[in-house]
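Comments concern the structure below.
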Amino acid sequence: MSMPKASMIRVTVILIIAAMVIFAGSHDNAQGQTERKVACGDVIESEFSKDFESHFYILKMVPRDSFSVSVVPVGDLLQNAIALYGPTGISLGVSSGGCASQSPSIASGRLSARGDYKIQVANTGLYGDGSYNGQKGGPGVYTLYIECELTRPTAIATSSTPAPSINSTETENEISTIPTQNLPSFLELNKTYEITFASSTYTMMITGLRNDGWVQVEYDNKTAWLNLHQVVLITPVQD
């Protein structure tokens with residue numbers, strides 16, 4: 001016996017409402033997870049404990065810089081997707097068109113605004129707004145890699161990382177002419193070097209050194225301070 005038309009309409013409406021509730025619930029679950037602050041160069045291991053789970057990471061960036069994010073799972077079964085969001089919450093894109101994959105990656109492109117950028121890692125496929133598309137990746141352990149391309153060295157002192165204070169008996173000119181014996185044996189004052197850190201290489205001249213590891217340099221036609229403890233490679237520039 002066929003179902004009356006009115007009953008069919010009621011059943012259809014109920015099914016649509018149920019689907020909307022499930023969709024909204026998955027979106028709320030995705031946006032309700034704890035956020036963790038991260039930095040350029042971080043390598044983080046984390047674990048999904050259930051289906052349809054998201055982890056959120058907050059990365060502070062400035063204009064002209066860019067960053068990329070990749071996820072490598074442990075084993076062969078875990079599937080992931082990554083989504084990026086700007087400081088106002090606008091979507092910057094999802095990995096692999098939103099489909100969950102075994103080793104997804106995504107790049108931000110050159111940034112226009114400063115602020116906190118959100119990284120969403122999920123064990124399911126993602127729509128652009130961060131809601132789940134129903135593709136299940138399951139629980140498992142993964143490693144998150146965050147790489148940045150910076151327009152200025154992070155190890156150079158800025159307003160948030162001030163340079164070492166100068167004693168009242170010292171002048172900048174005196175600091176810039178500190179005797180060579182205070183420098184590491186492989187460095188020379190007033191010589192230009194290619195210095196690598198934060199996955200980028202910068203050309204600068206060393207003009208002075210303090211005993212706490214801060215080097216005074218000429219960079220981009222400005223006097224700045226560089227922390228030698230954050231440097232991974234120094235190569236002399238041939239005259």
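The values are calculated or read from the model by the stated rules, or taken from the named source; none is laboratory data. Everything numeric here is computed off the predicted structure, so don't read it as measured data. Please note: Cβ atoms are built from the backbone with ideal geometry, for glycine as well, and neighbour counts cover all protein chains shown.
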| message | As an exercise: evaluate residue 68 against (1) within 15 Å of the chain's Cα centre (by Cα); (2) more than 16 Å from residue 39 (Cβ to Cβ); (3) not aliphatic (A, V, I, L, M) and give the number of the one condition it does not meet. | response | (2)
| Among (1) out of contact with any Pro (no Cβ under 9 Å at 6 or more places or on another chain); (2) in contact (Cβ under 8 Å) with a residue 40 or more places away in the chain; (3) not charged (D, E, K, R), which single condition is residue 84 missing? | (2)
| field | Odd one out for residue 56 among (1) at pLDDT 95 or above; (2) assigned to a helix (DSSP H, G or I) | value | (2)
| Restricting segment 108-127 to residues that are among the basic types (Lys, Arg) and not in a strand (DSSP E or B), the residue that is farthest from residue 92 (Cα to Cα) | 114
| Residues of segment 101-117 that turn out to be in contact with a Leu (Cβ under 8 Å, 6 or more places away or on another chain) and either without any contact (Cβ under 8 Å) to a residue 40 or more places away in the chain or surrounded by fewer than 18 Cβ atoms within 10 Å (Cβ to Cβ) (or both), as a count | 4
| query | Out of curiosity, is residue 132 surrounded by 18 or more Cβ atoms within 10 Å (Cβ to Cβ), modelled with pLDDT under 90, assigned by TED's automatic domain parsing to the domain that holds residue 56 and among the aromatic types (Phe, Trp, Tyr)? | reply | yes
| Within segment 83-121, tally of residues that are closer than 15 Å to residue 138 by Cα and either modelled with pLDDT of 95 or more or under 12 Å from the mean Cα position of the chain (by Cα) (or both) | 1
